[in-house]
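The structure appears below as structure tokens.
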Amino acid sequence: MSRPIPPGSTLGVLGSGQLGRMFAIAARRLGYRVHVLSPDDDTPTGQVADLEIRAAYDDLDAVAAFARGVSVVTFEFENVPAATTAACERFALVRPGGNVLHTSQNRLREKSFLTSAGIPVTPFWPVRSRGDLAAALAQAGTPAVLKTADWGYDGKGQAKLASADELDRVWPKFAGGESILESFIDFQCEISVVGARGADGSRVAYGPMQNSHVNHILDLSFAPAAVPPGVAAEAIEITREILRRLEVVGVLCVEFFVDRSERLMVNELAPRPHNSGHLTIDACTTCQFEQQVRAVCGLPLGSPRQHRPAAMANLLGELWQSAPPNWPAALAQGDVKLHLYGKAEPRIGRKMGHLTALAETADEAARRVLAARAALVGRRV
Ligand code: AMP
């Protein structure tokens, strides 16, 4: 095991959105410097980093120069090209390693890995042709969901098939690429566990958080989730097992469906901090971003202990549609915390920030955070 990277060193992050921003804030609190590389400038991460490098991810000279200037490279999104990580590995530690990205960049590879590890997933079928899709639909039945195997997130590259008659409507959008057909799960709820694994193999976990989505985008998370203790313990155990098998050094989120019989199925992995873990900033001894800093620097992990039940609501661009949000109205509740990501343009569906509320119960925290969000636009809930 390499020696810890001490505070005062420089950390590199690939990708410059809000996850990189919150990582950089945690890193700076611990006394590190942060460099960020992405194709944009004046980014959420760049605004709080020591150095913002604007370059394409496939500009390998720029990537190599970036990696030379840092002790470790981490990332805030999983779709970093393999050549980019390889270029970084020549000059710096890369954590988590390229193997973790490779597995989680493709839904078929991810689900095959999980199945081979004996971990339950949504039933799935690989689809590479129209014939594959017809055969898969015959087995899966409907409703079912067709997803591109690569580069999908927040419901992008997905189509729901209510009946097999919809095959010809849906197929043209997927022809030519690799896809995956999944049974549509009539789930009771969606939960996630954010886990971290240190360079010494130690592991910690947060949650499960309970999540609800609107238009495929996370809307609300709260913890503790309203699931039986046995289900929560199993979700944590599965997350610990995935961290161990993939030898993750860093943070990884596991998203699950809980079906009507309270069986868990993994929907997706994200090898980085996750939107559902944002409430850890205000509710836990060590947040998911500090945990990422500690893990990639080879430091001991911190306690993930949650002090109080908490809920987080995303703030999307549509809240800005008719007028700037009324920030004082939301902040009038002392237990509500505001996080904004420094994005100038509030587009529909764009994650601009989030609110977290703490309370005596998760239900009450959810009620407060939704009331605070409604107050931003002069509504009541
Ligand atoms: P994903 O990009 O795979 O995480 O999908 C985004 C959201 O779509 C999930 O969080 C679910 O709410 C829904 N979804 C995706 N796949 C399925 C499925 N097989 N069955 C039911 N809902 C799904």
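Each reported figure results from applying straightforward, stated rules to the coordinates on display, with no laboratory input. Fair warning: this is a prediction, and the values are worked out from it, not measured in the lab. As a convention, Cβ positions derive from the backbone with ideal geometry for all residues, glycine included, and neighbour counts pool all protein chains shown.
With helices as the sole contributors, the chain gives -8500 deg cm²/dmol at 222 nm; each DSSP H run of n ≥ 4 counts as -39500 (n - 2.57), and the sum is divided by every residue. By the beta-carbon count within 10 Å of each Cβ, the least crowded to most crowded order of 57, 206, fewest first, is 57, 206. What the phi angles of the range 24-41 give under the Karplus curve with 6.51, -1.76 and 1.60, with θ = phi - 60°, is a coupling list of 5, 4, 5, 5, 5, 4, 8, x, 8, 9, 10, 10, 10, 10, 6, x, 10, 10 Hz, glycine and proline written as x. Summing charges over all other residues whose Cβ lies under 14 Å from the Cβ of residue 89, with Lys and Arg as +1 and Asp and Glu as -1, gives +3. Over 21 Å, how big is the tail of the calculated P(r) for the range 61-201, in percent of all Cα pairs? Of all Cα-Cα distances in the range 61-201, 53 percent exceed 21 Å. Along its three principal directions, the equivalent ellipsoid of the range 218-259 from the Cα gyration tensor extends over semi-axes of 21, 14, 8 Å, largest first.
Principal axis extents of the Cα atoms in the range 123-183, from largest to smallest and rounded to whole angstrom, are 26, 21, 20.
Over the range 10-94, the Kirkwood radius and the radius of gyration, each from Cα atoms, give a ratio Rg/Rh of 0.92. Post the alpha-carbon centroid distance, the range 56-120 to the range 255-296, in whole angstrom. Using only Cα atoms to place each centre, the spacing works out to 19 Å. Could you calculate, for the range 226-333, the ratio of the Cα radius of gyration to the Kirkwood radius, expressed as Rg to Rh? The Rg/Rh ratio comes out at 1.04.
What's log10 of I(q)/I(0) for the chain at q = 0.07, 0.11, 0.15 Å⁻¹, Debye sum over Cα points only, no solvent? For the chain at q = 0.07, 0.11, 0.15 Å⁻¹, log10 I(q)/I(0) is -0.31, -0.80, -1.44. Annotation: peptides 61-71, 251-261, 157-167, 187-197, ranked by per-residue average of other Cβ atoms within 10 Å with the highest first, follow the order 187-197, 251-261, 61-71, 157-167. Counted over the range 187-375 with a bin width of 5 Å, the fraction of Cα pairs per bin, in whole percents, is 1, 8, 17, 19, 19, 16, 11, 6, 2, 0, 0.
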